[in-house]
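All of the numbers you see were taken from the coordinates with simple rules; none came from a lab. Quick caveat: nothing in here was measured; it's all calculated off a predicted structure. All Cβ positions, even for glycine, are placed from backbone atoms using ideal geometry, and neighbour counts span all protein chains on display.
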Amino acid sequence: MLKSTGIVRKIDELGRVTLPSELRKTLDIDVKDGLEIFIEGNTIVLKKYEPSCIFCGNARNVINYKEKNICLECLDELKLTK
């Protein structure tokens, strides 16, 4: 269920919308952070992007190896299969 913030912003001529600074601070969104865009029916949902493991989908302890995200647990499993 979505929770209303009571904040309304207009889309500018280039299709951009500004997120209020108090909302960015609350959600720990910083300049140049990525946001994922989801569609739920006729609703647009923005979520702070968190890289996840290409194997298990885990978003904790993720490193980037050769431009691929992998968690430390999967990395350990790969080391054991040698």
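Among the chymotrypsin sites (Phe, Trp or Tyr not before Pro) in the range 21-82, those located in a DSSP loop and surrounded by at most 15 other Cβ atoms within 10 Å of their own Cβ are Tyr49, Phe55. Values (i) 1.13; (ii) 1.11; (iii) 0.93 are given for comparison; Rg/Rh (Cα atoms, Kirkwood Rh), derived from the coordinates here, is the one labelled (ii). The modelled label-to-label distance between Val17 and Met1, using points 7 Å beyond Cα along the C-beta direction, is 2.2 nm.
For the range 7-67, GluC sites (Glu not before Pro) meeting the loop criterion (DSSP other than H, G, I, E, B) and having at most 15 other Cβ atoms within 10 Å: Glu13, Glu67.
The calculated FRET efficiency for Asn61 paired with Asp33, based on their beta-carbon distance and R0 = 22 Å, is about 0.70. Counting only residues at least eight positions apart within a chain, or on another chain, the lysines with an alpha carbon under 17 Å from that of Lys48 are Lys3, Lys25, Lys32.
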